[in-house]
Structure formats: C-alpha cells, structure tokens
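Below is one structure; the comments refer to it alone.
The values are calculated or read from the model by the stated rules, or taken from the named source; none is laboratory data. No experiment lies behind these values; they were computed from the predicted model shown. Counting neighbours? That spans all protein chains shown, and the Cβs are built from the backbone with ideal geometry, glycine included.
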Amino acid sequence: MKNRIVSIIARALPEVMAEARLDPLPLPPVEVEATRDPAHGDYATNLAMILSARLKRNPRQIARTICDRLQDEESILAKVEIAGPGFINFFLREEVWKTELQRIEAMGERYGCSDAGGGRRVQVEFVSANPTGPLHIGHARGAVVGDVLANILRAAGYEVYREYYVNDAGNQMFNLGRSVLYRYRELLGRLAAFPETCYQGEYIRAIAAEILSRDGESYLDRPEEEVVPVFTDYAATVILRGIKEDLAAFGVVFDGYFSERELYRDDGVAKLLRRLEEGGHIYGEDGARWFRTTAFGDEKDRVVVRQNGETTYFAADIAYHKNKFERGFSWVIDVWGADHHGYLPRMSAGVQALGYPPESLRVVLVQLVNLLRGGKPVAMSTRSGEFVTLREVVDEVGRDAARYNFLMRRTDSHLDFDLEVAKEQSNENPVYYVQYAHARIAGILRLAAERGMEVPRYEEVETGLLVLSEEMALIKALSRFPELVAGAAAALEPHRLTFFANELAALFHSYYNKYKVISDDPALSRARLFLIEALRIVLKNNLHLLGVSAPDRM
RNA sequence: GCGCCUGUAGCUCAGUUGGAUAGAGCAACGGACUUCUAAUCCGUGGGUCGAGAGUUCGAAUCCCUCCAGGCGUACCA
C-alpha cells in the first residue's frame, strides 16, 4: 500500500525538479509514513520539507507544486492535503483498503509473508548453553527470542536455519565428568567430601545413579583420568537429551546441533589458526599466540593459543563461525545474553579477518532476566544447583504465557520475571487477551455455522456495508501486518509482533462490545463475518509467528 | 578507570529509525452482563520523556557533558 503512494510521488518528482530548474539527479529518497493520527490521512510524506533546504523555497509552496503534479492513475486517492509545516497527507479511498481483505482471503495462513529477504540463507544461533545442567529460566528469554526471530525471518522471505552450538569440549566438561564420578563414589560410600568446585545439583546424583545401575561398580578402582571421559560423555548425552526435551516443551526446535568437538575432529581450529597466521593476524608474545583483534577495533589483542599450547575457546569460536559461512550462510545471527556483549568486538574481528564483511554477523544481545520470587531476587547459578529450570516455568506458568511474557519487551530492555506474579496473574496475562479475541471470533463463526451461515467468499460480500469507523480501523490495521513482519525482521525486533497482536485484539474487543456481527440483516452479517474471519486469520498468523497457540475456545 | 545496555504517567513498558497535540496495560475512581464468551468494554484523573547544553523548519529519538541503575572488562567457557 505504502509503495503505491511512493510510486505516485516518484512519478511526479522529476517534473517538479525540472520546474525548479534543478538537476534532477540525485533525486531525494521519497519517504512515506503511515500516520499516527487519522486526521492526517493514511500516509504522509515530509518530502517538501526535505526539498525546501535544497530549493531554498517555502516547504508549503513546494508541497503545492508536488500536489499539482501528482497523477493518481489507479485512482486510489480520495484526498490529498497540505498540512502543518509542509506535510503532504494522503487519504486513500476506502474501497482500496477493502481490497486488502481479498488478499487476506487469498493468502490465508501465508498472509504476512513477503519476499523481502529474497531467499537469502541466514543462520540463527541461539541458546547454545553448555550441556552441564538443565536449562534454567535465564536461558528461556534467549530461546524464545531466537525462535521467534527465526520465524519472522522465514516469513520475511529468508531461508532460515536454527542452530544450537554445543560447547562439549574444555574444562567445564571435564569438571562435569568429575562431578558425576564423585557422586558415583559417594553412592558407594567411597568419598569423604564433595568438592565445592563441582556441580552441586541433584541431577548430577541422578546421573551417577544411572551409571551405577548400568555399569555397576566397575569404575571404582580405575584411575581418574581414564574414567572421567566416560562419565563426561554419559552425562553430556543425558543432559543434552534433557535440554532438547525441555526446549521442545517450550516450543523451540532446532534444525541442527553443532558440536564443538566436531570442530577439533575436523582439525577446524588448526586450519583456522593457519589461515590467520597466513593473513598476518597472529603474533607471539609471552609464549602465547595472539590474534591482533585491535586491527579491527577491539580494545586489546586476544590470545588464541595459550602458553601451555592449548587453543582458547575464542579460537574455536572463530573456527565455528568460519564454518558457518563455509556452509553457505551469507548472514549469521547470534543471540547472546547481554553479559557476553564484551565478546562482540573480538568476534567481529574474527569474521573480518577471514574476509567477511562485518555486517554478515549480527549479534542480538538479550538483556538478562532478573528472577524474583515475591519481589525478592533469587540467586542462581548452575554450579550451586540453585536455579529455577525452564521446565518448571513451562509447567507452572504455561508455555504460551511464558513465551509471550518474554516477547513483550525489547530485547535490550531489562526484564523482571517474578515467579509469584507470573503464577498469580496468569489469568491476567496479556497473552490471554489476544487469545480470547481469537476464541471469541471462533465462537461467532461457530454460531453462524449453526445458523447455516458460512464465511462468505469475497465476491459474495458487499464491502460497502462496512462503513463504521471501527471497521475501517480494523481493516487498516490488518493491512499493516505484512509491512510489520518485514519491519520486525529487518530490525530483528520480535516484540513488535506482540504489541501488534495486542492492538488488533483491543480493536476487536471494542468492536465486539459495541456491535453485533450476526444480525437480522443477512448482507451486513455476511460482510462482518468476512471481516472477522480476516481478523482471525491475521491474529492466528501473528500468534503462530510467536509460537503461541490460537485457541478456538477458552 | 574504560566499554555496552537502560532511564518516558504511581508501577511495568511502547513510541513505525528525525515528524504534527508523547501512547498502552496495571493500579485508583465511576459505569456496562436476560445479548455472538464480562479472561471483555466505556469513561475520568495522571508527564520537566533522568539533567543540561547543541544540531534544524521540527528532538523522547541524533551529537556532547554530567547523574543514576544493570552488565562486562581472563592465557574461563
């Protein structure tokens, strides 16, 4: 819709420029915005004010000139006005808006999708929690944000791949295996004290018990360095399986899990280091090998090979990102907890040193969730074993409510999650407001069907009967959905969808309370049924992108 | 110290990438169920957009300086 306005203006522009005796090139970009206030029409452009600086003429005068040259070939405009300091306001004919209802009918569950992304292959990496314990609530926000971003990007025409990076190499994993081993010994009465540095959670005991019942006491007297890897592998497998189950219960399913070990098996890290050496990005100092990340804007250089000869996590991570690009993803999005933000400059340096443009890696920083219980902060750490698991939250609050909650704020805004409040207020959660709108519509459609009225086809509808301001407001709001999805994808801002869903629901609830859809007037009933069916489709599509169900009854 | 994020109504937050008179929800107060679902709706009150200076036709939005809170600042992952 917006584009049609833009092209009308663009057609008139050369003539305006010629008249002002100005070199028509470069033409200023035509910016058209949906207005906030209906009194300002449907769309507005500030073009005249932009031009006034260049033409050194009164903006209202320029606006006048532009308006006189406009050629509305498809006759979509009802009125064009010059307002305020020089805005040009466009009022579309109501019939034009109503044709959007036909598009909704035709596209159905695909309404909202676009080809803005042009099929570009993008990878979204998120969660990527170490498999040293179950996912807790701190992981939940990133999980939903990544999942919904992937949904939105797919709808916006990208080819999306969701990936979980499994950090199954390194000290933490060794520590995990050791923790299980000590619990195993403890079960057999062969451990004096469980070390504080080990993972304290109950789940470690459970895993130890599993190993005991499977393999018996055979590990008891064998040397630690021989036994720990067995325990590590077993524990990591069990924990990762649990993580996948918890994510699935939360509605998050990955296309692939990428193992850090795989990177070492394929010699990926060594290859990466050679590549960096050849590029002249590496130097030696203090017995370690350093990557000159400062050449790409980092505040200090970073070690990639330690004094003891081991590569760092950072080295592996660059190799991992290299691998992503080599798999054909031209755009890579990482969803990180905000506590990792300091890591961004060096990761970007890695990408650039490999010859990829900086914008090929986008990092979405998700601010940490402040967990409260009854207003009091809850201390959490995986090691201490004190945490509220993702599974508990899903079970207590519900998947829909939990997801919606995490999507109601910008990702870079801090979020308080109070367990008591989430539980107590679950019936007042905004998600129910939106779902209720969907259920109410479904209810009306059911009743209509009982009375022998099916949702009509567009050709059978006299859209001219939809004359109420509430109806026009609804139709215009629905029409915004495709642009909204594309905009949310471009900005990587999933929260826009929850706000839009709320807005649609509010418009509907208000309309519902004021007017009847099914009435004695068959033609009017048909028109309104058609309208609310279009609304139902958009609500459902919106909720679907959020990974939230759209119930027919509540 | 330095870096990143945040600061908007009593509370929790939006604000379409610089637009016109700054908006929702909750809380407060007053109303609406014999009706297609009241998990809803209608109305009222509520603002120095953290502070100050700057950029321009125009600033919550951009630049600079402060203030406050959060996070980060490893040869850990």
* To do: Filter region A:302-341 down to residues that are surrounded by fewer than 18 Cβ atoms within 10 Å (Cβ to Cβ) and part of a strand (DSSP E or B) and give me whichever is farthest from RNA strand B (Cβ to nearest atom).
  => A:G337
* Among (1) at negative phi; (2) out of contact with any Leu (no Cβ under 8 Å at 6 or more places or on another chain); (3) among the small types (G, A, S), which single condition is A:G119 missing? -> (1)
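Take the residues in region A:382-433 that are assigned to a strand (DSSP E or B), within 11 Å of RNA strand B (Cβ to nearest atom) and surrounded by fewer than 19 Cβ atoms within 10 Å (Cβ to Cβ); name whichever of them is modelled with the lowest pLDDT. Steps first, please.
Pass one, region A:382-433, residues assigned to a strand (DSSP E or B): A:386, A:389, A:415-418.
Imposing the further condition that a residue be within 11 Å of RNA strand B (Cβ to nearest atom) reduces the set to A:415-418.
Remaining after also requiring surrounded by fewer than 19 Cβ atoms within 10 Å (Cβ to Cβ): A:415-416, A:418.
On the way: A:L415: 86, A:D416: 83, A:D418: 79.
Looking at residues that are assigned to a strand (DSSP E or B), within 11 Å of RNA strand B (Cβ to nearest atom) and surrounded by fewer than 19 Cβ atoms within 10 Å (Cβ to Cβ), I get A:D418.
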* Report yes if A:P85 is part of a loop (DSSP other than H, G, I, E, B) and free of Cβ contacts under 8 Å to residues at least 40 places away in the same chain, otherwise no. => yes
* With respect to A:D339, is the statement that it is closer than 23 Å to A:H139 by Cα and at pLDDT below 95 true? -> yes
* To do: Determine, yes or no, whether A:L191 is in a helix (DSSP H, G or I) and of a type in the set (A, V, I, L, M).
  => no
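If I ask for residues that are among the acidic types (D, E) and without any contact (Cβ under 8 Å) to a residue 24 or more places away in the chain, which ones from region A:246-276 would you list?
Quick first cut of region A:246-276, residues among the acidic types (D, E) only: A:246, A:255, A:260, A:262, A:266-267.
Matches in region A:246-276: A:E262, A:D266, A:D267.
Residues are listed down the side, and each one gets a yes or a no for (1) crowded, with 23+ Cβ neighbours inside 10 Å; (2) among the basic types (K, R); (3) more than 7 Å from RNA strand B (Cβ to nearest atom); (4) not assigned by TED's automatic domain parsing to the domain that holds A:Y404:
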{"position": "A:R480", "(1), (2), (3), (4)": "no, yes, yes, yes"}
{"position": "A:V485", "(1), (2), (3), (4)": "yes, no, yes, yes"}
{"position": "A:N502", "(1), (2), (3), (4)": "no, no, no, yes"}
{"position": "A:F508", "(1), (2), (3), (4)": "yes, no, yes, yes"}
{"position": "A:Y512", "(1), (2), (3), (4)": "no, no, no, yes"}
{"position": "A:D521", "(1), (2), (3), (4)": "no, no, yes, yes"}
{"position": "A:S525", "(1), (2), (3), (4)": "no, no, yes, yes"}
{"position": "A:K540", "(1), (2), (3), (4)": "no, yes, yes, yes"}
* To do: Go through the residues of region A:44-62 one by one and say whether even a single one is assigned to a strand (DSSP E or B), in contact with a strand residue (DSSP E or B) (Cβ under 6 Å, 6 or more places away or on another chain) and at pLDDT below 95.
  => yes
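Restricting attention to region A:42-100, report how many residues are of a type in the set (D, E, K, R), away from RNA strand B (no atom under 12 Å from the Cβ) and farther than 24 Å from A:S479 by Cα. Step through it out loud before you land on a result.
So in region A:42-100, the residues of a type in the set (D, E, K, R) come out as A:42, A:54, A:56-57, A:60, A:64, A:68-69, A:72-74, A:79, A:81, A:93-95, A:98, A:100.
So of that shortlist, the ones also away from RNA strand B (no atom under 12 Å from the Cβ) come out as A:64, A:68-69, A:72-74, A:79, A:93-95, A:98, A:100.
Remaining after also requiring farther than 24 Å from A:S479 by Cα: A:64, A:68-69.
Matching residues across region A:42-100 total 3.
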* To do: Quick one: A:V517 ticks every box in (1) more than 30 Å from A:D147 (Cβ to Cβ); (2) touching a residue at least 40 places away in the same chain (Cβ under 8 Å); (3) more than 10 Å from RNA strand B (Cβ to nearest atom) except a single one, so which number is it?
  => (3)
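For region A:6-31, give me each residue that is touching a strand residue (DSSP E or B) at 6+ places or on another chain (Cβ under 8 Å), more than 9 Å from RNA strand B (Cβ to nearest atom) and at pLDDT 80 or above.
Kept after step one, since they are touching a strand residue (DSSP E or B) at 6+ places or on another chain (Cβ under 8 Å), are these residues of region A:6-31: A:6, A:8-9, A:30-31.
Next cut, more than 9 Å from RNA strand B (Cβ to nearest atom) only: A:6, A:8-9, A:30.
The answer is A:V6, A:I8, A:I9.
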* Looking only at region A:107-115, decide whether some residue is assigned to a loop (DSSP other than H, G, I, E, B) and surrounded by 21 or more Cβ atoms within 10 Å (Cβ to Cβ). => yes
